[in-house]
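K.L.:
Here's a structure for you.
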Amino acid sequence: MSFSNLGLSEKVLAAVAATGYTTPTPIQEQAIPHVLARKDVLGIAQTGTGKTAAFVLPMLTILEKGRARARMPRTLILEPTRELAAQVKENFDRYGAGQKLNVALLIGGVSFGDQDAKLTRGVDVLIATPGRLLDHTERGGLLLTGVELLVIDEADRMLDMGFIPDIERVCKLVPFTRQTLFFTATMPPEIRRITETFLHNPQKVEVSKPATAAVTVTQVQVPAGREAHEKRELLRRLLREAKDLKNAIIFCNRKREVAIVHKSLQKHGFSVGALHGDMDQSARTAALEQFRKGELPLLVASDVAARGLDIPEVSHVYNFDVPHHADDYVHRIGRTGRAGRTGTAISIVTRLDQKSMAAIEKLIGQSIPLAEGDFEIHTEASDATERPREARGRERSRGGRGKPQRGRDRDRSHEPREARGEARHASEARHASEAGHASEAKSPSEARQPAEARHRSSDKRRAEPRHDARQQANPSHVPSIGRPEPRRQREADTEPGDHSHLPAFLLRPVRSPAGA
């Protein structure tokens, strides 16, 4: 089937032909006729199957009739991230080049003044993230009562980012008679509840099992040590030894980890960019554009880049951190193997990630094989400086940078209990023998005793005369427990020449200054 059989307008067909596409994908083939028939649609398909064009193309056909009014958009598209919103706008600019449509983008990182100016002129298509959209409605600069078609894209990502309450507020602001298009790759219970609440007799279009990985993606997992510096060294080795590596996205779970891995790769000579939610919008856009153009072959990113970004020729995806949610794994590896191309997804797995990997394998319905080869890591000298400061401090406190300690301070916890017992008995016998040979000269034998033993014996000697003196002075005296004795009683019970009741630092000899 070709696009000409789907009921699209001549202008839209001409724009599609200009881009080089001739055959629609399954989600486009099934969803576009229902959208043109003005029915609610629930679209479920794995990432990279062309969901964006499935609603952009019929929307362009519908919008050819009518005109926009000031501050009252005709259609509204909600996206979870700024990057996805900007990407949808690019689709409208590409396919709607022959139409005079006003498209506005409401995302964070851009001044309200510029966005208000566009809304005042009137927009046919409003593409927004939920937070910025509600900011404009609360300011009174935007009315949603004229929305004829509402699109909620990447709904499961909206759920992960906590946008579901905002989605419910937006759905109450738009007319009840609107047409609603709902697209998602997974169907958690919360998403199912939303669809049952705000969709009216939707046409369900499901072209693949929810949360399945593309068959064109080769998935492997590589075991790694628990330490972060070991994982970074393994990542560099995988990048250097990768076959047919054109470009790659490296995913981390946290923004802080993105910055650390980005800095580490730069230090070791890799051309790499970074992308996470705390970056300025201009920096995020620049990094993504450089990666698209091939100026940066590597991109270290958080899950902000895991959903819906259309970069067709990504050859590799690396999971530096295994995602905590199994659904995120499906979206991450969906950045490669798009549009029928082949791709490779490699996950660096520690022992702590085994539970998450089991959940991922259960979700996708297949086991992920271990990579072939020896991936034992030998720490590079240059990577020692990348270790956390507290880890290096622990090494120094143990007696050096990983060097075995000598003598009695050596850590014997790894030895068998019997071996430790034999060593202890041998040490006691040796000390007993030394004490026998040195009975006439006690000070050398005391010098050979451990410092702790000497302190304990001196404490014992200081403590014993104290009780003896009290008993000699007052045989009937019985020390009270839990209640201090009166000061006068303590002074009366102490011999005049007994200084055991004084602190040790007061018994030290005082040196008179020179010349006194």
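K.L.:
Collect residues whose amide H, placed 1.01 Å from N in the peptide plane, falls under 5 Å from the amide H of T180; neighbours closer than 5 in sequence don't count.
P.N.:
Those lying under 5 Å, H to H, from T180 are D40, V41, L150.
K.L.:
Give me the one-decimal Kirkwood hydrodynamic radius in Å for the stretch 217-384, with the sum taken over alpha-carbon pairs.
P.N.:
16.0 Å
K.L.:
Which length gain, in nm to one decimal place, applies between E190 and L13 when the Cα-Cα distance is subtracted from 0.36 nm times their residue separation?
P.N.:
Once the chain is fully extended between E190 and L13, it gains 60.0 nm.
K.L.:
Additional query: Between H200 and S271, what's the calculated FRET efficiency when r is the beta-carbon distance and R0 is 45 Å? Round to 0.05.
P.N.:
So, using R0 = 45 Å, E works out to roughly 0.35.
K.L.:
When a/c reaches 1.5 or more, the comparison of a/b and b/c decides; with that in mind, is the stretch 3-206 rounded, prolate or oblate per its Cα gyration tensor?
P.N.:
Note, shape of the stretch 3-206 comes out oblate.
K.L.:
At K65 and A358, where each label point lies 7 Å from the Cα along Cα→Cβ, what is the point-to-point distance in nanometres?
P.N.:
5.8 nm
K.L.:
Calculate, for F176 and A97, the FRET efficiency according to 1/(1 + (r/R0)^6) with r their C-beta to C-beta distance and R0 41 Å; round to the nearest 0.05.
P.N.:
It comes to 0.75.
K.L.:
Could I ask something else about it? Residue by residue, what Karplus-based ³J(HN,Hα) values in Hz, rounded to whole numbers, does the stretch 97-113 have, using 6.51, -1.76 and 1.60 with θ = phi - 60° and x for Gly and Pro?
P.N.:
Running phi through 6.51 cos²θ - 1.76 cosθ + 1.60 with θ = phi - 60° gives 4, x, 10, 8, 10, 9, 10, 10, 10, 10, 9, x, x, 10, 5, 5, x Hz.
K.L.:
Here's another thing I want to ask about it. Quick check on my link table: of K65/K172; K267/K355; K263/K293, which ones sit more than 29 Å apart, alpha carbon to alpha carbon?
P.N.:
K267/K355
K.L.:
For the residue pair E295 and S282, what label-to-label distance in nm results when each label sits 7 Å from Cα along the Cα-to-beta-carbon direction?
P.N.:
The modelled label-to-label distance comes out at 1.4 nm.
K.L.:
Oh, and also: Rounded if a/c is under 1.5, else prolate if a/b beats b/c, else oblate: with a ≥ b ≥ c from the C-alpha gyration tensor eigenvalues square-rooted, which is the stretch 1-102?
P.N.:
Rounded shape, in that the Cα axes give a/c under 1.5.
Taken together, the values in this text are just the output of simple stated rules run on the coordinates, not laboratory data. Because the structure is predicted, anything quoted here is derived from the model rather than measured. Every residue, glycine among them, receives a Cβ derived from its backbone with ideal geometry; neighbour counts consider all protein chains shown.
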